[in-house]
Amino acid sequence: MELLSALANMALLASAVRLTVPILLTALGAVYSERGGVVNIGLEGIMIMGTFFGASVTHLVATALPVPGAEAGATHAIAPVVGMLAAMVAGVLFSLVHAVVAVTFRVNQIISGVVLNMLAVGLARFLNILFFGVATQSPGISGFEPWSVPVLRDVPALAPIATGISPVIPLALILLGLGHWVLVRTVFGLRLRAVGEHPLAADTLGINVAAMRYAGVLISGALAGLAGGYLSIEQGRGYLEGMTQGRGFIALAAMIFGNWWPLGALGASALFGYFDALSLRVVHTRIPYQFITVLPHIATIFVLAGFMRRAVPPAADGIPYTKEEA
Amino acid sequence: MSTRVRLGVLQAAAPLLAIAFGAVVASGIILAIGKDPLEVYGLMLRFNLTRSDSVAAIFLKATPLTFAGLAVALSFRVNLWNIGVEGQYAVGAFAAALVAFGMRGLPAPIHLPLAVLVGVASGAAWALLPIALKLRRGAHEVITTIMMNYIASALVLYLLADVFRDPTQAGTPRVRTPLFEDSARIPLLRPVLQLVGIDVPSHSALNWFLPLGVVLCLGAAYLLARTRFGYEVRAVALNPDAAEAAGIRIARTQFYMFLASGAVAGLVGLSDVLGFFGYFDIDFPKGLGFLGISVALLARNDPLGVVPAALLLAFLDRGAQGVQVFSGVPREVITILQAVIILAIVVGYELVTRYVRAQRKREAERLVAGRPDVSEGEGG
């Protein structure tokens, strides 16, 4: 009974929802990229850039715009907004490197992504030294004014889940629905999927394969950057080296589990978010905490091993498209 | 002939151009923080080349990088991505450490090889699950090996802090295993080098794993180039369909190469643990597995290229310490430089490969186009 209440109480579920968001946003980005035929292992590095730029720009804006008449430490409401945007821009710029190397120069996409991750670690450390004098963390910041659901917040049992809601959470759900609509209903989505399934056929029909693939990769960069910004601004209240904890890779697993569809990725991200929350909460048991912290990673291996479902990737996923040799 | 020479020059020039490109990008960063790039590079060269302790440090650092690069390269050779060297070497080094302090009274000729073998076996064992899931269930090995890295790090931390921590260190901030038996330590190279007249600083931990790494790379090169198994490996990499049609069991070849990759990964940490520290502690060097990816990419997955590539990265790493101490440039600039060089080099190799392929195609077309003329000439 004690175990059951530990596994399914409201505070845990609220924490699971919060931790689902970064994985969900990144998995959604991965869907765009891979539907266009580009594997993006670099999402982890893009998230790292998002965490760094999100927190540091929020901090810079907050110090540049003191709130008149408020006590010290109060932050202008615009600061986290600018921080989130900066995280997205950083994500787009960083993913541009992947697009240039993997789409234009047709270098193996795994290699490009892996190198991007290494670059992100060095870059974040360097910039952090430059801005804040230390390598591994930024000053603390405050995020958005949290929301609460009007009627539900008065029910004591539901309070943990109905209050303290980051505005990024509904935004993520909107982006998820938008993603589904774009991929299924729009010309852009159809073309993106076409270059991921059969680039030669798409090319023959006059679709610019490289341009569509760039679009997919850059959108994935924006979403992974946003996810990173959410982690550092809303979850961590500051940047800390290594705070992404492999979530970029976990998001790729969520995308695969969701069969390369946005709504499928929601279920898988929620699963990982739950394990993530569990790994933070179940510290007071006899199980050594080191094993509990790797619960999301163990779950990822299980999911990838397909113990639940077989996945079908886009046919040309990961294969560079070469016009002259096709 | 002239075409072949030109292509050879191009292939050799690609890494140099990539290094130059990386240096240009890093110069921009160094300028941005208000330092003179030429001065920084000059300092780095002087620091690395004119001090005997620097030279020894570069070779010492290149030792684990050689194993890491070879481990990654072996998996890349069969189109698999072992990003899990990081976890495999942590597990391998810790297992070797268990043997090194746990078994007492063994003579050195048994104790040291036993510790090394346990490290190798543990590295391979940590690679077993990802490759089995890849071949049986199609689970992408990039993600599973990265997840295994996190699990390895947690497992080693748990075993170190909660199970095998040196009881005499309790109450101190030091978290490490008991000291190893002397019989499990890797002998240093210094006495031998002094015999041949090479002076090594007395504090240098340069040890026999350096020549072992070189020999292993030579052995791997021979295996891949001259044996039946190596032929199968090359066939699987070049054209899996043709290899399968020729009766080569692709999954089996990939399985063995991936386990070999994990086994070599098990050696990565041993030069540091058994050759230098003499105990396994919480600050055990990390990140060598990811540097191994850089080494393998730089070496184009050729075992013969692994040693020079490892030396280059070790050179940059040592130089980074020098510039940090003497010119106040953060060593992370060199980390960025490394990543940019690797990016430039993979792009460079890709462009050269594509150019070479186009040249060969053109030559072949010329040959084919030439032939009918000859036969017509004979007919007429």
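With a sphere of radius 13 Å drawn around the Cβ of A:Leu190, what net charge do the other residues whose Cβ falls strictly inside it have (Lys, Arg +1; Asp, Glu -1)? Every neighbour counted, the sum reads +3.
Within the same chain, lysines fewer than 8 places from B:Lys286 are excluded, and of the rest, those with a Cα less than 20 Å from its Cα are B:Lys61. Summed over qualifying helices (DSSP H, 4 residues or more, each -39500 (n - 2.57)) and divided by its residue number, chain B shows a 222 nm mean residue ellipticity of -25000 deg cm²/dmol. When only alpha carbons are used to place a centre, the range B:306-353 and the range A:121-137 end up 18 Å from one another.
Backbone geometry of the range B:122-130 corresponds, through the Karplus equation with coefficients 6.51, -1.76 and 1.60 at θ = phi - 60°, to 3J(HN,Hα) couplings of 5, x, 5, 5, 5, 8, 5, 4, x Hz, x marking Gly and Pro. Only Cα pairs under 8 Å and 6+ residues apart enter the sum, and on that basis the relative contact order of chain A stands at 36 percent.
Taking amide H atoms as placed 1.01 Å from N in the peptide plane, the amide H of B:Arg176 lies under 5 Å from those of B:Asp166, each 5 or more residues away in sequence or on another chain. On the basis of the beta-carbon distance and an R0 of 30 Å, B:Tyr256 and B:Leu218 show a calculated FRET efficiency of 0.95. Remark: the range A:238-246, residue by residue, has Karplus-estimated 3J(HN,Hα) of x, 8, 9, 4, x, 6, 6, 6, x Hz, where x stands for each Gly or Pro and the curve is 6.51 cos²θ - 1.76 cosθ + 1.60 at θ = phi - 60°.
For B:Asn207, nonlocal amide neighbours, meaning residues 5 or more places apart or on other chains whose placed amide H falls under 5 Å from its own, are B:Leu189. For B:Gly262, what charge total do you get from the other residues with a beta carbon under 15 Å from its beta carbon, if Lys and Arg give +1 and Asp and Glu give -1? So the surrounding residues net to 0. Once phi is turned into θ = phi - 60°, what whole-Hz ³J(HN,Hα) does the Karplus curve with 6.51, -1.76 and 1.60 give for every residue of the range A:215-232, x standing for Gly and Pro? The phi angles translate into 4, x, 5, 5, 5, 4, x, 4, 6, 5, x, 4, 4, x, x, 4, 4, 7 Hz.
For A:Trp147, the residues whose modelled amide H falls within less than 5 Å of its own, excluding neighbours fewer than 5 places apart on the same chain, are A:Gly164, A:Ile165, A:Ser166.
Under 20 Å from the Cα of B:Lys35, which aspartates and glutamates turn up, not counting those fewer than eight places away in the same chain? Result set, ordered by chain and number: B:Asp317, B:Glu332. Shown here: the protein assembly as shown, whose C-alpha atoms stretch 89, 85, 56 Å along the first, second and third principal axes, sorted largest to smallest. Relative to the longest principal axis of the Cα atoms of chain A, the long axis of helix A:10-35 lies at roughly 20 degrees.
Between the helical axis of A:43-64 and the longest alpha-carbon principal axis of chain A there is an angle of about 50 degrees.
The ratio of the alpha-carbon radius of gyration of chain B to the globular-protein estimate 2.2 N^0.38 Å is 1.13. Under 19 Å of direct C-alpha separation, and excluding same-chain neighbours fewer than eight residues apart, B:Lys361 reaches these aspartates and glutamates: A:Glu324, A:Glu325, B:Glu350.
Among residues other than A:Tyr32 with Cβ under 14 Å from its Cβ, the summed charge is +2 (Lys and Arg +1, Asp and Glu -1). In terms of Cα atoms, the Rg and Dmax of chain A work out to 20.2, 67 Å.
The gain in end-to-end length when the A:Asn259 to A:Leu85 segment is fully stretched comes to 59.7 nm, 0.36 nm per residue minus the alpha carbon separation.
Between helix A:187-197 and chain A there is an angle of about 70 degrees, using the helix long axis and the longest principal axis of the Cα atoms.
Remark: relative contact order (the range B:64-309) = 42 percent; criterion is Cα-Cα distance under 8 angstrom and separation of 6 or more residues.
Every number in this text was worked out from the coordinates using simple rules, so none of it is lab data. This one's a predicted model, so the numbers in the text were calculated from it and none came from an experiment. Note that each Cβ is placed from the backbone with ideal geometry, even for glycine, and that neighbours are counted across all protein chains shown.
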